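S.K.: Quick one: this structure, given as structure tokens, is what I'll be asking you about.
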């Protein structure tokens with residue numbers, strides 16, 4: 001793992017699960033820390049693009065949240 005990447009440790013939500021902005025969505029690990037990543041928006045988890053165990057770059061899109069506007 002380089003300093004510009006992170007490993008996906010675990011997903012806390014599954015596709016089609018509702019998510020709220022700020023809610024923990026997944027946990028990632030870098031060379032120095034393990035951290036929970038929060039959902040950037042509220043809606044439904046529509047797609048997961050990175051699997052547990054996969055290493056991704058920091059600017060990678062790892063999930064898609066379908067917004068549910070009221």
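The values are calculated or read from the model by the stated rules, or taken from the named source; none is laboratory data. A quick note: this is a predicted structure, and the numbers were derived from the prediction, not measured. Please note: Cβ atoms are built from the backbone with ideal geometry, for glycine as well, and neighbour counts cover all protein chains shown.
S.K.: For segment 1-21: of the residues being more than 12 Å from the chain's Cα centre (by Cα) and assigned to a strand (DSSP E or B), which is modelled with the lowest pLDDT?
M.R.: 5
S.K.: Tally time: how many residues in segment 49-67 are at pLDDT below 95, in contact with a strand residue (DSSP E or B) (Cβ under 7 Å, 6 or more places away or on another chain) and within 12 Å of residue 37 (Cβ to Cβ)?
M.R.: Selection size over segment 49-67: 1.
S.K.: Being touching a residue at least 40 places away in the same chain (Cβ under 8 Å) and over 13 Å from residue 62 (Cα atoms) is the filter here, so list the residues in segment 1-17 that pass it.
M.R.: Those that are touching a residue at least 40 places away in the same chain (Cβ under 8 Å) and over 13 Å from residue 62 (Cα atoms): 1, 4.
S.K.: Right, another one. For segment 22-62, what are the residues that are without any contact (Cβ under 8 Å) to a residue 40 or more places away in the chain, closer than 12 Å to residue 9 by Cα and assigned to a strand (DSSP E or B)?
M.R.: 25, 26, 27, 28, 29, 34, 35, 36, 37
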